[in-house]
Amino acid sequence: MFDLQRITRDNIKKLVAYSSARDEFSGNAEVYLDANENSLGSPLIKWYNRYPDPHQNAVKNALSMVKGIKQEHIFLGNGSDECIDLLYRCFCNPGKDNVIICPPTYGMYQVSANINDIELRIAPLLDDYQLNLAHIETLIDDHTKLIWLCSPNNPTGNSLKRSDIEMVLNNFNGLVVIDEAYINFAKQKTFIQELGDYPNLVVLQTFSKAWGLAALRLGMAFASKEIISILNKTKPPYNINQATQELALKALEEVGQVNDMIKEIVDMRDALAKVLWEVPTVKKVYPSDANFLLVKIEDAHNLYEFLLTKGIVVRDRSNVKLCDDCLRITIGTEKENTALIDAIEDWINKE
């Protein structure tokens, strides 16, 4: 039986959140003399001299309508990386607790574990890039607090089997974090609508991929109101700046345009995969539910170096377990994708 109190760190349970000036007053006023701001403004942008809404209510309200869930289930982080770090700091005791990751997967789960002095337990994916449920089960003990699942996965691009994820959710008494950074490009449904069924579920999403706002650094966590309350208590008071909140609100007004963009990227992804399959030195183009392709290719590292001479940067994943001789290629514009294929052909002819 999942017990949130059991897995929450004692110091976090006792934590009294910082109370900002904006926490102690809500509503509108004509004169604000409570937050020690520069009342004369900035020489660059006059209206940015005030602190932003610490709870991002306008953005969360717009998100709640887009996602179809209540605002109390939404947390916003300074990138998904802040959400990842907060989950460690709220629920994992340094030097005592452990978490499970399933590589190859997103590297920040490991980096953040190391920063927070949390033991990392490894359950590598199977050869088909699916979960090894039996191995995961053997790693769990009373100090296992989090299991990280990335679906669609990075760098492999595939979605994990929904039935396998549900198996973990139903049988693990800690938090199961499903990182859905690339979910908008997949046919698989989000797990956000399952929050009511799984009190131990946390879903991460981001504005960096489908929304095209990587420079804003805005991540989302969706969970029970109890988990969200703990994250809100622990975060810095003004973790999302005013400019980011304003631009996110504008983006959320353009859902139709974003959906059109997603469809275009998926079409280009499928077209690029088809072309790459015809390249003689390509051994495999892995199925992708993301905005990138993992491609197994002869002499991948040398091709990577050659592409750099052409001004084209892809990601060399050759030394990642289960990704031998693989390059991860983000879907670019049509012009960029064509330049990539032309450069690969130049490399082949050069050989």
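The values are calculated or read from the model by the stated rules, or taken from the named source; none is laboratory data. All figures in this text were calculated on a predicted structure; none of them were measured in a lab. No Cβ is skipped: glycine too gets one built from the backbone with ideal geometry, and neighbour counts run over all protein chains shown.
Summary table
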| read-out | value |
| --- | --- |
| Odd one out for Val111, checked against (1) closer than 27 Å to Asn259 by Cβ; (2) free of Cβ contacts under 8 Å to residues at least 12 places away in the same chain; (3) not basic (Lys, Arg) | (1) |
| Of residues in the stretch 138-154 being part of a loop (DSSP other than H, G, I, E, B) and touching an Asp or Glu at 6+ places or on another chain (Cβ under 7 Å), the one surrounded by the most Cβ atoms within 10 Å (Cβ to Cβ) | Ser151 |
| In the stretch 169-198, the residues that are farther than 11 Å from Ala290 by Cα and either in a helix (DSSP H, G or I) or among the basic types (Lys, Arg) (or both) | Leu169, Asn170, Asn171, Lys189, Ile192, Gln193, Glu194 |
| Within the stretch 56-69, tally of residues that are in a loop (DSSP other than H, G, I, E, B) and free of Cβ contacts under 8 Å to residues at least 60 places away in the same chain | 0 |
| First in the stretch 33-55 and under 23 Å from Asn232 (Cα atoms), second anywhere and of a type in the set (A, V, I, L, M), Cβ under 6 Å, 6 or more apart | Asp34/Ala21; Ala35/Ala21; Tyr51/Ala35 |
| Selection status of Arg9, crowded, with 17+ Cβ neighbours inside 10 Å and either at pLDDT below 85 or outside the structural domain of Ser224 (by TED's automatic domain parsing) (or both) | no |
| Check on Asp117, part of a loop (DSSP other than H, G, I, E, B) and surrounded by fewer than 20 Cβ atoms within 10 Å (Cβ to Cβ) | yes |
| Residue within the stretch 201-220 that is surrounded by fewer than 21 Cβ atoms within 10 Å (Cβ to Cβ), among the charged types (D, E, K, R) and under 16 Å from Val66 (Cα atoms) present | no |
| Selection from the stretch 152-199 of residues that are under 18 Å from the mean Cα position of the chain (by Cα), among the polar types (S, T, N, Q) and either modelled with pLDDT under 95 or closer than 26 Å to Lys70 by Cβ (or both) | Asn184, Gln188, Thr190, Gln193 |
| Per-region count, the stretch 208-229, residues more than 19 Å from Asp289 (Cβ to Cβ) and assigned to a loop (DSSP other than H, G, I, E, B) | 5 |
| Test: Asn232 is under 15 Å from His55 (Cβ atoms), assigned to a helix (DSSP H, G or I), touching a strand residue (DSSP E or B) at 6+ places or on another chain (Cβ under 8 Å) and outside the structural domain of Asn337 (by TED's automatic domain parsing) | yes |
| Every pair of residues 6+ apart whose Cβ atoms lie under 9 Å, when the first sits in the stretch 16-29 and is not assigned by TED's automatic domain parsing to the domain that holds Asp53 and loosely packed, with under 10 Cβ neighbours inside 10 Å while the second is modelled with pLDDT of 75 or more and of a type outside the set (Phe, Trp, Tyr) | none |
| Residue among Gly196, Gly157 that is surrounded by fewer than 16 Cβ atoms within 10 Å (Cβ to Cβ) and not β-branched (Val, Ile, Thr) | Gly196 |
| Filter result for Gln110 (closer than 17 Å to Ser224 by Cα, in the same structural domain as Ala210 (by TED's automatic domain parsing) and among the polar types (S, T, N, Q)) | no |
| Qualifying residue in the stretch 237-255 (condition: β-branched (Val, Ile, Thr), surrounded by fewer than 17 Cβ atoms within 10 Å (Cβ to Cβ), in a helix (DSSP H, G or I) and touching a residue at least 60 places away in the same chain (Cβ under 8 Å)) | yes |
